[in-house]
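Worksheet: one structure, shown below.
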Amino acid sequence: MAGRWIEQWDPEDETFWQTKGERIARRNLLFSVLSEHIGFSIWSLWSVMVLFMGPEYGVDPAGKFFLIATATVVGAVIRVPYTFAVARFGGRNWTVFSALLLLLPTGAAYAVMEPGTSYGTFIAVAALTGVGGGNFASSMTNINAFFPLRKKGWALGLNAGGGNIGVPVIQLVALLIIGTAGAAHPRLVLGIYMPLIVVAAVCAALWMDNLAPVKNDTGAAKDAAKEGHTWIMAFLYIGTFGSFIGYSFAFGLVLQTQFGRTPLQAASLTFIGPLLGSLIRPLGGALADRFGGARITLWNFAGMAAATGVVVAASVQESLGVFLVGFIALFVLSGLGNGSTYKMIPGIFQNKALAMGMTGETAAAYGRRLSGASMGLIGAVGAVGGLAINLAFRQSFQTAGTGTAAFVAFLAFYAVCSALTWAVYLRRRAVVPARTADTATEPEPEYARV
């Protein structure tokens, strides 16, 4: 896959960006969104497959939550190698390959989705869908390289939001199938997605590019792993993206198990939260571009804690209406926080470079180097939050029959995330880094101590 290679790329050069860089970057962004969108749909496949699994399948609610959790954890782990695949093979080439790879889990699900299949087989096929989760890491790393720092919040937010929206779209497809053909026809969902996977791969092959200047830097990966900010941001990303993907996968099953909804009733509500959370992610990035990622993230976590309090009260009172209001608010806020946290990553490392005395392109190159290397780690750890949410639900329903205990734990976690964001990125600094005439116009570093 020799592909199309661009030998020189400097998005921070305003002349280059205006004359041809922006046009190329936007084209690659468009088809990156398409491929990542299909990847997210396949990753979240089992969030809808479980809605088709009636009593004849012999799988209880705890077993269904574990199927979803299996897909989640594989998708989280595989994000690390996917991050480095872009530099090794080229962003365009890897997008084509990773898109075609989605045919494997989709075809396997088509083969086994019927009563009588063993639970172990379902677990193995659910694990295969994790490759769709890896698409996010390679796509974000690729798009990060195409755009200048001042545009990254918007571009990364749009790329991720367009991918995230694959979750509600496949849920809408499932709703259509259940509402027309009935819950006995899960293979229709899979039959719809197989040709879409091929379309995404063909579009990437025809209209995306590889960036020759993007090279794997094992030293950068090691430096990112040693950098405390990488792990702090990974922890915060558990609270935002981990919540989004965990709730997206579990929402329909929670409605069925706790509120006794039928598959059709659950499917008619499941897509709303992920849809709103996906649509608002670019706004989170844009707000972070304007007001600062840490400020938006702090208030976002406070809002998530408040929404979780509403969900806990509704769960105790068994009020479906109030529960839906609180849960959908959680989706919206998690999507907003996804955009703001990812905007923080390149800003943190470039501002660290400024504090170290670097200026201009030197500081920008340092920021790109570490932020690109850290994104895979942050994305992988953040996705593990989805696993934690599904395991928490599984345990809560097993022991108490409701998800109330799990939501109480989530509330406490959001409070910790709020405190951490304030303490590390917003509180008054004990030592303000020296600022020279060359850096006097640069933004205030978005970190406390390095």
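The values are calculated or read from the model by the stated rules, or taken from the named source; none is laboratory data. All values derive from a computational prediction rather than experimental measurement. Cβ sites come from the backbone with ideal geometry, for glycine too, and all protein chains shown count toward neighbours. Quick note on the areas: whole protein, heavy atoms, side chains included, nothing else; ligands and nucleic acids left out. Shrake-Rupley method; radii C 1.70, N 1.55, O 1.52, S 1.80 Å.
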note = Just one listed residue, out of 290, 295, is within 16 Å of residue 236 (Cα to Cα) and open to solvent by 50 Å² or more (accessible area, probe 1.4 Å), and it is 295
task = Give the residue, chosen from 177, 197, that is open to solvent by 10 Å² or more (accessible area, probe 1.4 Å) and among the aliphatic types (A, V, I, L, M).
result = 177
query = Which residue pairs have Cβ atoms under 6 Å apart, sit 6 or more places apart or on different chains, and have a first residue in region 30-59 that is under 13 Å from residue 256 (Cα atoms) and a second that is assigned to a helix (DSSP H, G or I) and polar (S, T, N, Q)?
reply = 48/171
key: Count of residues meeting criterion [over 20 Å from the mean Cα position of the chain (by Cα), touching a residue at least 24 places away in the same chain (Cβ under 8 Å) and assigned to a helix (DSSP H, G or I)] in region 101-138   = 9
key: Tally of residues being over 30 Å from residue 375 (Cα atoms) and buried (at least 18 other Cβ atoms within 10 Å of the Cβ) across region 60-70   = 2
task = For region 180-191, enumerate the residues that are of a type in the set (Val, Ile, Thr) and exposed (fewer than 15 other Cβ atoms within 10 Å of the Cβ).
result = 180
task = Confirm whether residue 124 is at pLDDT 90 or above, within 26 Å of residue 255 (Cα to Cα) and surrounded by fewer than 18 Cβ atoms within 10 Å (Cβ to Cβ).
result = yes
request  = Could you tell me which of the residues 416, 384, 408 is of a type in the set (A, V, I, L, M, F, W, C), within 30 Å of residue 146 (Cβ to Cβ), out of contact with any strand residue (DSSP E or B) (no Cβ under 6 Å at 6 or more places or on another chain) and open to solvent by 40 Å² or more (accessible area, probe 1.4 Å)?
outcome  = 384
task = Determine, yes or no, whether residue 379 is outside any loop (DSSP other than H, G, I, E, B), modelled with pLDDT under 85 and of a type outside the set (A, V, I, L, M, F, W, C).
result = yes
ask   = Here are 279, 283: which of them is among the aliphatic types (A, V, I, L, M), over 30 Å from residue 182 (Cα atoms) and open to solvent by 40 Å² or more (accessible area, probe 1.4 Å)?
value = 283
task = Could you tell me which residue of region 71-86 is nearest to residue 250 (Cα to Cα), considering only residues that are open to solvent by 20 Å² or more (accessible area, probe 1.4 Å) and in a helix (DSSP H, G or I)?
result = 73
ask   = residue 267: assigned to a helix (DSSP H, G or I) and farther than 26 Å from residue 389 by Cβ, yes or no?
value = no
key: Of residues in region 243-276 being under 15 Å from the mean Cα position of the chain (by Cα) and either small (Gly, Ala, Ser) or open to solvent by 40 Å² or more (accessible area, probe 1.4 Å) (or both), the one farthest from residue 70 (Cα to Cα)   = 276
